[in-house]
Amino acid sequence: MSQSSKWQSLPTEAINPATLAIDKQPATGVVDLMLAEDRKVLAAVQRERDRIAVGADMLAKALSKGGRVIFVGAGTSGRLGVVEAAEMPPTFGTDPELVQAIMAGGKTAILRAKEGAEDDYEEGARATKRLTPGKRDVVVGVSASGMTPFVRGALTCARGAGARIIFVTCDPRTELQSFVDLTIAPAVGPEVIAGSTRLKAGTATKLVLNTLTTSAMVLIGKTYGNLMVDVRTGSDKLRDRARRMVHIVTGLEMEATEALLKRAHWNVKAAIVMQKTGLPYQKALSRLRKTHDRLRDAIGEDIEPRLRALLDGASKS
C-alpha cells in the first residue's frame, strides 16, 4: 500500500518536463536548460510587484518608527535571510540590531547544512522569542515550500507578540495567506532538478528580499539619488567610494575631499552637509537629525541633474 506524501503536490517538488533528459546533455546543453528556466524567474517576481511594494512600505514604516526587520528561514531560504541582514550595515550604515536573521540550526547551519533543523516547530518559536519581537517589528518568514515547521513556529510566536508578518514563498497556494499580513509568492514552477530550491526558488527569493530591503532603505533616506551615501568606510574600496561620492556632490578636488571627510570622521552625509552649508561637524549631524537623516532635505538640493550631466559628459568623451 503506497504511503501518501504531504510534499509531493508542492510546486517546488514537481518534476520539470523541460529538463527530463538533462543528464544526457553536454555542459552547454545543461547550461542552456538552466538559463532557459531562469528566464522564467524574473517574470514570476514581476507578477508580485505590487505585493513587494506593499512589503517595502511596511519595512520602511517599521524602521522609521524604531522597529526592526527579522528574517526567519531554514536551508537556502535561511541563508538568504542571513545575507540580507549581514549586508545592511556596510551598505546602508544601519545598526546590526536593526535588521537581523534567524537561521534554523543556528550559526553553524549557515556554512554546513543541519538536516532536521527545519522540522523543529518549537525551536522556531523559541529562537524568535529570544529576540523579543514587538508591535513595531516586521518578521519576514522565508520558506520556498511554504511548509517549513521551523518558520511556522517562528511566525506563530511573532504573531502572538503583535509583530507584523511578511511571508515569502514559492507556493502561491500556501494556507498561511490568512495568517500573515502579506504573502509574496513568485510562482517559478518546478525546478531544473526536482526539489532543489536553491535554484529558481532561491533566485526568486533573493530578488524579492533584495528589492524589499533596498526599497525600504531608499524610502527612509539611506541614499541620495542612487548614491550609497550611508556607506561604512571600513576598507580601501569603500573609502575610495566615499571620496568619489563627496567629489561628485560637492565638486571639490580629491585632496580637499579627503580633508573634508577626515573632518567629518568619514561620514559621507555629514561631509556633504558641512561643505554645502558651512556648518561644523556636530551641527551638520544635528541638521541631518532634524531632516530625519535625509540628505536631500538637509542641503535642499536635487542630485539628479548633476548626475545626469556627469553621465552625459562621460558618454560624449
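Please enumerate the residues belonging to the range 213-228 that are among the aliphatic types (A, V, I, L, M) and at pLDDT 95 or above. Give the derivation first.
First pass over the range 213-228, keeping only residues among the aliphatic types (A, V, I, L, M): 216-220, 227-228.
Of everything in the range 213-228, those that are among the aliphatic types (A, V, I, L, M) and at pLDDT 95 or above turn out to be ALA216, MET217, VAL218, LEU219, ILE220, LEU227.
Of everything in the range 272-293 that's touching a Lys or Arg at 6+ places or on another chain (Cβ under 9 Å) and buried (at least 16 other Cβ atoms within 10 Å of the Cβ), which residue is modelled with the lowest pLDDT?
Among those residues, the one meeting the criterion is ASP293.
What number of residues in the range 69-93 are surrounded by 18 or more Cβ atoms within 10 Å (Cβ to Cβ) and either free of Cβ contacts under 8 Å to residues at least 60 places away in the same chain or in contact with a Gly (Cβ under 6 Å, 6 or more places away or on another chain) (or both)?
8
When you scan the range 166-173, do you find a residue that is assigned to a strand (DSSP E or B) and more than 30 Å from THR19 (Cβ to Cβ), even just one?
Quick first cut of the range 166-173, residues assigned to a strand (DSSP E or B) only: 166-168.
With more than 30 Å from THR19 (Cβ to Cβ) added as a condition, the list becomes 166.
So far as the range 166-173 goes, yes, one or more of its residues are assigned to a strand (DSSP E or B) and more than 30 Å from THR19 (Cβ to Cβ).
Note down all Cβ pairs under 6 Å where the first residue falls in the range 255-268 and is aliphatic (A, V, I, L, M), the second is not in a helix (DSSP H, G or I), and they're at least six residues apart or on different chains.
Close Cβ pairs (under 6 Å, with a partner that is not in a helix (DSSP H, G or I)) amount to VAL268/VAL229.
Results for (1) among the polar types (S, T, N, Q); (2) within 20 Å of the chain's Cα centre (by Cα), shown as yes or no for each residue.
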position: PRO149; (1), (2): no, no
position: ARG152; (1), (2): no, no
position: LEU182; (1), (2): no, yes
position: THR205; (1), (2): yes, yes
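Against the condition in contact with a Lys or Arg (Cβ under 8 Å, 6 or more places away or on another chain) and either touching a residue at least 40 places away in the same chain (Cβ under 8 Å) or of a type in the set (Gly, Ala, Ser) (or both), how does ARG47 come out, does it pass?
For ARG47, the condition - in contact with a Lys or Arg (Cβ under 8 Å, 6 or more places away or on another chain) and either touching a residue at least 40 places away in the same chain (Cβ under 8 Å) or of a type in the set (Gly, Ala, Ser) (or both) - is not met.
If a residue has to be outside any strand (DSSP E or B) and farther than 15 Å from ASN210 by Cα to count, how many in the range 77-107 make the cut?
10
Working carefully through the options ASP23, ASP119, find the one that is touching a Pro at 6+ places or on another chain (Cβ under 6 Å) and among the acidic types (Asp, Glu).
ASP119
The values are calculated or read from the model by the stated rules, or taken from the named source; none is laboratory data. Computed from a predicted model, the values in this text were never measured in an experiment. Glycine gets a Cβ as well: all are built from the backbone with ideal geometry, and neighbour counts include every protein chain shown.
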